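To start, the structure under review is shown below, and the notes come after it.
Rule-based calculations on the coordinates, nothing more; no lab input. Keep in mind the model is a prediction, meaning the values are calculated, not measured. Positions of Cβ are backbone-derived with ideal geometry, glycine not excepted, and every protein chain shown enters the neighbour counts.
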Amino acid sequence: MEHEYMNSHKLSICANCLALGFDKPLKRCAGCGMVDYCGKDCQKAHWKKHKPFCNLTQGKGSKSAYLDAQDPELAQRILIDAYRLRTAVDHDDGDCDHGIWYVDGGERFPKGAVWAEGDVYADFQQWLDLAEQSGVLSDWWRFEERMETMALAVDKDAEESVWKPIDQSDLFKRYEADMSVRTAMLVLAELVVGYEGKGPAMSDKWYIEFSENLDLHPEERARLISKSVQEVKKAFEEQGLGDDSGGK
């Protein structure tokens with residue numbers, strides 16, 4: 001949904017050479033439909049890096065393939081930020097406050113949610129427990145890697161600190177101009193906790209019904225992507241770039 005908006009408003013960029021969408025026409029990847037390229041040369045040059053994401057969004061291959069393709073240190077950062085992003089999305093759109101957003105005695109914690117109702121530390125521990133059960137982690141993941149990930153996540157001075165709200169507009173810069181990393185984090189979170197945060201779905205029936213509902217209710221589609229659109233525009237404005245679509 002977010003990519004559709006960015007592409008139609010010429011806010012997207014070539015994933016390989018970073019050419020701007022309002023400078024030249026771009027074509028989207030036929031596989032995932034979420035990444036744009038100037039042409040076949042750029043797409044071919046970027047394929048090795050893009051393949052894990054492309055397969056992830058299409059449900060192809062192993063669930064761990066995306067993190068398998070990353071260096072262990074980078075994979076740990078992505079795992080932490082996937083949690084931070086999911087807590088923000090749940091707070092903004094999911095009617096579920098947990099982690100740093102949790103309010104003791106609050107009503108925004110639905111029955112059946114897999115999250116911890118208590119503090120941030122317990123919530124992230126639960127995330128790691130579920131990630132280890134989900135199959136998204138690599139074969140190199142052991143207790144030692146879990147402890148390293150925990151140490152980074154609870155460091156209040158770290159960029160990936162779970163004690164701080166995630167700056168979504170900063171993901172593009174922090175992950176070396178990777179336009180797909182935010183979507184990858186969202187997909188990883190779905191694999192770990194499910195769309196409603198009540199555990200991974202046993203089938204894709206929920207997604208089919210969800211997509212049909214969005215087709216019938218475009219106002220709901222607009223509401224869901226509004227936060228992402230705002231963050232994309234913010235990132236472009238900070239770089240001195242503009243949206244020539246007239247804000248439509």
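Note on Lys49 and Asp104: with the Förster distance fixed at 45 Å, the Cβ-Cβ geometry gives a FRET efficiency of about 0.55.
Working ranking of peptides 59-67, 108-116 by packing, defined as the average number of other Cβ atoms within 10 Å per residue, highest first, is 59-67, 108-116.
Restricting the GluC sites (Glu not before Pro) of segment 46-145 to loop positions (DSSP other than H, G, I, E, B) with no more than 10 neighbouring Cβ atoms within 10 Å leaves Glu107. Measuring between their Cα centroids, segment 87-165 and segment 178-193 lie 14 Å from each other. Protection proxy ranking of 154-165, 76-87, by the mean of other Cβ atoms within 10 Å over each peptide's residues and highest first, is 76-87, 154-165. Our coupling estimate for segment 47-56, obtained by passing each phi through the Karplus curve with A = 6.51, B = -1.76, C = 1.60 and θ = phi - 60°, is 4, 4, 6, 7, 3, x, 5, 4, 5, 4 Hz, Gly and Pro reported as x.
When each of the peptides 28-34, 181-187 is scored by the mean number of other C-beta atoms lying within 10 Å of its residues, the order from highest to lowest reads 181-187, 28-34.
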